[in-house]
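Colleague: Once you've had a glance at the structure underneath, I'll fire off some questions.
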Amino acid sequence: MHAVKIENLSHKINDKLILKDINLELEKDKIACLLGPSGSGKTTLLKLIAGLEKVQEGKIFLNNSEVSSSTKHLKTEKRKIGFLFQDYALFPHLTVKQNLNFPLNSKNSNYELDDIINLIKLPDSLNKYPHQLSGGEQQRVALARSIIAQPEILLLDEPFSSLDLNLKEEVRDDTLHLLQKSNISVIIVTHDPFEAMFISNQIYIINHEGKIVQTGTPYELYNNPMNSYVAGFFGETNIFEGKVMHGKISTPIGIIDSPSEFENKNVVIHVRPQGIKLSKEATPVNGVKGTVMASKMMGSFSFIHLSVLNKTNEIIHVHSHMPANFLPKQSSAVGIEIDKEQIFIFPS
């Protein structure tokens with residue numbers, strides 16, 4: 001059963017096309033993510049699902065019932081939807097505890113207040129009012145309140161954006177556990193690919209034109225991107241251009257094998273930094289080499305900035321991620337090997 005199904009939805013604002021031919025399916029009790037840059041129409045899509053905007057073209061179904069089309073519009077309060085947008089909409093005259101108790105008291109909720117206090121990480125702020133909280137604190141309270149209300153479908157718009165990094169990881173983890181326990185169908189909007197991979201079962205990648213360009217599980221999208229846009233969405237890549245000759249592409253970091261479909265064609269090659277394997281070498285290096293411009297320990301890995309030469313002896317900059325204990329000295333030479341699993345080739 002689909003909690004949400006969208007068919008051929010397009011939407012304009014002031015005659016500008018914001019969403020283009022959107023098709024989306026969210027299975028019941030699953031978590032889907034809309035992943036895309038700012039201005040790609042993600043929040044507008046949530047508003048259309050919630051009934052806060054009227055559909056101009058296409059259809060929206062909730063739990064297999066049509067709720068929106070060009071001729072039909074079911075009111076928001078009848079859609080059994082919870083939503084958390086970036087303006088958190090807490091009750092200003094109620095304390096944090098009272099804001100959380102509101103859905104607990106008004107519905108037959110499965111949650112206890114102690115469960116929710118643990119989620120928001122604000123044990124000393126229960127008697128404060130929303131205006132006495134920081135933006136990140138307000139966000140945590142609003143997120144918890146939207147979950148404990150136990151809607152059939154929950155829409156979350158950048159729910160962790162105001163949190164600092166350490167707190168974000170902790171609250172995100174607690175939120176995922178609570179969502180999995182609550183059997184709520186969720187659509188979450190984010191521009192953070194790693195957040196999308198962590199929290200969702202299915203990701204819909206939207207481009208600047210408001211069009212879904214690829215859909216799949218986090219594993220499928222990360223390992224089988226269909227174009228340069230998707231490949232670049234999951235972190236930095238080293239990008240090279242070349243022409244396939246006899247199944248090979250010559251690049252400044254070595255010869256790369258190409259699928260036969262690209263023979264005699266110009267292509268773009270993406271290589272993830274973790275796919276560029278380095279070895280410390282005495283100078284001169286036999287084989288492909290690079291010169292270390294900088295080495296930085298980044299915690300769980302080291303970031304190596306290299307310079308390599310192309311066919312015309314122009315300097316090309318390359319980034320590699322290596323184990324944290326690999327820190328070659330500036331200006332030293334390193335050998336380069338390429339992990340085939342981290343190479344993605346697309347038509348130019």
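Colleague: When residues of the stretch 127-151 are filtered for being modelled with pLDDT of 80 or more and surrounded by fewer than 17 Cβ atoms within 10 Å (Cβ to Cβ), how many remain?
Modeller: Of the residues in the stretch 127-151, 6 are modelled with pLDDT of 80 or more and surrounded by fewer than 17 Cβ atoms within 10 Å (Cβ to Cβ).
Colleague: Continuing with this model, one more query. Kindly list the number of the only condition in (1) touching a strand residue (DSSP E or B) at 6+ places or on another chain (Cβ under 9 Å); (2) not in a helix (DSSP H, G or I) that fails for Leu48.
Modeller: (2)
Colleague: Now a separate question. Out of the residues in the stretch 245-276 that are assigned to a strand (DSSP E or B) and hydroxyl-bearing (Ser, Thr, Tyr), which is nearest to the chain's Cα centre (by Cα)?
Modeller: Narrowing the stretch 245-276 to residues assigned to a strand (DSSP E or B): 245, 248-251, 254-257, 266-271, 276.
Right, trim to hydroxyl-bearing (Ser, Thr, Tyr) and you get 250-251.
Working: Ser250: 33, Thr251: 30 Å.
This residue is Thr251.
Colleague: Six or more apart or on different chains, Cβ atoms under 8 Å: show the pairs whose first residue is in the stretch 184-200 and closer than 16 Å to Gly82 by Cβ and whose second is among the polar types (S, T, N, Q) and part of a helix (DSSP H, G or I).
Modeller: Val189/Thr43
Colleague: Take His317 and tell me if it is loosely packed, with under 14 Cβ neighbours inside 10 Å and in a strand (DSSP E or B).
Modeller: On the way: loosely packed, with under 14 Cβ neighbours inside 10 Å: yes; in a strand (DSSP E or B): yes.
Yes.
Colleague: While we're here: Filter the stretch 308-324 for residues that are over 29 Å from the mean Cα position of the chain (by Cα) and among the polar types (S, T, N, Q); which is farthest from Lys243 (Cα to Cα)? Please lay out each step first, then the result.
Modeller: Step one: list which residues in the stretch 308-324 are over 29 Å from the mean Cα position of the chain (by Cα), which gives 308-316.
This time we only want the ones that are among the polar types (S, T, N, Q), so: 310, 312-313.
Numbers: Asn310: 14, Thr312: 16, Asn313: 18 Å.
For the stretch 308-324, the residue satisfying everything is Asn313.
Colleague: Same structure, new question: Does Ile253 satisfy the criteria of being touching a residue at least 40 places away in the same chain (Cβ under 8 Å), crowded, with 21+ Cβ neighbours inside 10 Å and under 23 Å from Gly41 (Cα atoms)?
Modeller: Values: touching a residue at least 40 places away in the same chain (Cβ under 8 Å): yes; crowded, with 21+ Cβ neighbours inside 10 Å: yes; under 23 Å from Gly41 (Cα atoms): no.
Answer is no for this residue.
Colleague: In the stretch 291-346, which residues are modelled with pLDDT under 95 and either among the basic types (Lys, Arg) or not assigned by TED's automatic domain parsing to the domain that holds Glu241 (or both)?
Modeller: Lys311, Lys329, Lys340
Colleague: Pick out the one residue from Gly210, Gly232 that is over 26 Å from Val271 (Cβ atoms), of a type in the set (Gly, Ala, Ser) and touching a residue at least 24 places away in the same chain (Cβ under 8 Å). Full working, then the answer.
Modeller: Values: Gly232 fails: over 26 Å from Val271 (Cβ atoms).
Exactly one of Gly210, Gly232 is over 26 Å from Val271 (Cβ atoms), of a type in the set (Gly, Ala, Ser) and touching a residue at least 24 places away in the same chain (Cβ under 8 Å), namely Gly210.
Colleague: Right, here's the next one. In the stretch 9-36, which residues are farther than 22 Å from Ser185 by Cα and either surrounded by 15 or more Cβ atoms within 10 Å (Cβ to Cβ) or out of contact with any helix residue (DSSP H, G or I) (no Cβ under 9 Å at 6 or more places or on another chain) (or both)? Lay out the reasoning, then the answer.
Modeller: Narrowing the stretch 9-36 to residues farther than 22 Å from Ser185 by Cα: 10-21.
Passing the criteria: Ser10, His11, Lys12, Asn14, Asp15, Lys16, Leu17, Ile18, Leu19, Lys20, Asp21.
Colleague: Before we move on, is Val285 outside the structural domain of Asn223 (by TED's automatic domain parsing), surrounded by fewer than 20 Cβ atoms within 10 Å (Cβ to Cβ) and at pLDDT 95 or above?
Modeller: Working: outside the structural domain of Asn223 (by TED's automatic domain parsing): yes; surrounded by fewer than 20 Cβ atoms within 10 Å (Cβ to Cβ): yes; at pLDDT 95 or above: no.
Against the criterion (outside the structural domain of Asn223 (by TED's automatic domain parsing), surrounded by fewer than 20 Cβ atoms within 10 Å (Cβ to Cβ) and at pLDDT 95 or above), Val285 does not qualify.
To keep it simple, each residue is scored yes or no on (1) under 17 Å from Gln342 (Cα atoms); (2) free of Cβ contacts under 8 Å to residues at least 24 places away in the same chain.
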| site | (1), (2) |
| --- | --- |
| Gln214 | no, yes |
| Glu220 | yes, yes |
| Asn238 | yes, no |
| Val244 | no, yes |
| Val268 | yes, no |
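Colleague: Can you find a residue that is closer than 20 Å to Asp164 by Cα, within 29 Å of the chain's Cα centre (by Cα) and either in the same structural domain as His208 (by TED's automatic domain parsing) or at pLDDT below 85 (or both) anywhere in the stretch 94-103? Can you show your working first?
Modeller: Filtering the stretch 94-103 down to residues closer than 20 Å to Asp164 by Cα leaves none.
Within the stretch 94-103, none of the residues are closer than 20 Å to Asp164 by Cα, within 29 Å of the chain's Cα centre (by Cα) and either in the same structural domain as His208 (by TED's automatic domain parsing) or at pLDDT below 85 (or both).
Colleague: Given (1) among the hydrophobic types (A, V, I, L, M, F, W, C); (2) buried (at least 17 other Cβ atoms within 10 Å of the Cβ); (3) modelled with pLDDT under 90, where does Leu176 come up short, assuming only one miss?
Modeller: (2)
Colleague: I'd like to check something: does the stretch 74-81 contain any residue that is surrounded by 16 or more Cβ atoms within 10 Å (Cβ to Cβ), among the basic types (Lys, Arg) and outside any loop (DSSP other than H, G, I, E, B)?
Modeller: There is no residue in the stretch 74-81 that is surrounded by 16 or more Cβ atoms within 10 Å (Cβ to Cβ), among the basic types (Lys, Arg) and outside any loop (DSSP other than H, G, I, E, B).
The values are calculated or read from the model by the stated rules, or taken from the named source; none is laboratory data. Worth saying up front: this structure is predicted, and the values here are computed from it rather than measured. Using ideal geometry, Cβ is built from the backbone for each residue, glycine included, and neighbour counts are taken over all protein chains shown.
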